[in-house]
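*Asks:* I have a structure here, written as structure tokens, and I will follow up with some questions on it.
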Amino acid sequence: MLNYLSLITFLSILFLNNAAQIKELQNAHNANTLTTNQLKYVAGLTNTTNFNDLLDNICIPRVVGTDGHNKVHDYIVNQLEGLGWHVEVDSFHERTPIFGDLQFRNIIATPNSKADRYLTLSCHYDSKYFKEFDFEGATDSAVPCALLLNLATVMKKELAEQRNDVDLKFIFFDGEEAFEHWGPRDSIYGARHLAAKYENEFEKSLGATNLERIDVLVLLDLLGAPNPRFVSYFRDTAKW
Ligand SMILES: *[C@@H]1O[C@H](CO)[C@@H](O)[C@H](O)[C@H]1NC(C)=O
């Protein structure tokens, strides 16, 4: 009995240490400034033709449950798989106002599925339902989706390096838009589902949940209009 208890104590300390270690590593990230040459190199990777091709395929009406939505889902998955990324689809059903039960699918992709922790770039790929007209949602959020896919394409070589500590993860959230009125039950269907799922998935070898394995999550939304302004509202993320 005593041995059993000490084993449990020992294991909890081990996990605590790991979890604490992960927190420490996460807090130790520092923002780097690129040199002019590095900046030139990165800017030189730009491919506007590729970006516009991607945007043409994504910027169509894509309300959850419609053919357009299926098409965009399949397109994003195919693009990422074509680049050799590891793609996972987190599929679930939830009741919605107006349309009743709908299937939602978050798309999660990594160039390397074996890293301990992830820097996550995310956006949503569904478009908002309007009764009176079709809505293409260019800035909301076809452009962010195209930006992520374009990044994966033009930085293919740079992202191919296998990293076991921290790597990149993309999340294309489904069902961000409300169908009727924005509220806690009618909005961010995909993000709510995935956050709850990740919170419950415990990775034993790391002593951390999949939620804790996300070092940073950046959500790209409402981008693509001229002269964007980025304002920092929160002290704890100010250094980014
Ligand atoms: C840019 O993208 C287009 C369309 O995907 C592709 O045909 C072309 O080869 C790319 N250019 C470069 C320099 O990679």
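*Asks:* How far is the Cα center of the range 38-115 from the Cα center of the range 129-174, in Å?
*Replies:* 6
*Asks:* Just want the ordering: THR35, THR139, from fewest to most Cβ atoms lying within 10 Å of their own Cβ. Let's see the in-between values first.
*Replies:* Values: THR35 9, THR139 15.
Going from least to most buried by this count: THR35, THR139.
*Asks:* Right, another one. Name the long-range amide H neighbours of VAL63: under 5 Å, sequence gap of 5 or more, or other chain; modelled H, no Pro or chain starts.
*Replies:* HIS69, SER127
*Asks:* Which residue fluctuates the most in the chain, going by a Gaussian network model with Cα springs under 10 Å, if the choices are LEU194, LEU206, LEU25?
*Replies:* Among LEU194, LEU206, LEU25, the largest mean-square fluctuation in the Gaussian network model of the chain belongs to LEU25.
*Asks:* A further question on this structure: Please list, by residue number, every one of the GluC sites (Glu not before Pro) in the range 85-157 that is coil in DSSP and has at most 10 other beta-carbon atoms within 10 Å.
*Replies:* Sites meeting the loop and neighbour criteria: GLU132.
*Asks:* Give the cross-link partners of LYS40 among the aspartates and glutamates, using a straight C-alpha distance below 20 Å as the criterion and excluding same-chain residues fewer than 8 apart.
*Replies:* GLU158
*Asks:* Anyone know which of ARG213, ARG229, ARG185 comes out most mobile in the 10 Å Cα GNM of the chain?
*Replies:* Its mean-square fluctuation being the largest, the pick is ARG229.
*Asks:* Show which aspartates and glutamates lie in cross-link reach of LYS131 when reach means a straight Cα distance below 15 angstrom and same-chain residues fewer than eight apart are skipped.
*Replies:* LYS131 reaches GLU177, GLU180.
The numbers here are math on the coordinates, done by the rules we state, and not lab data. Here the structure is a predicted model, which means the values were calculated and not measured. All Cβ positions, glycine included, derive from the backbone under ideal geometry; neighbour counts span all protein chains shown.
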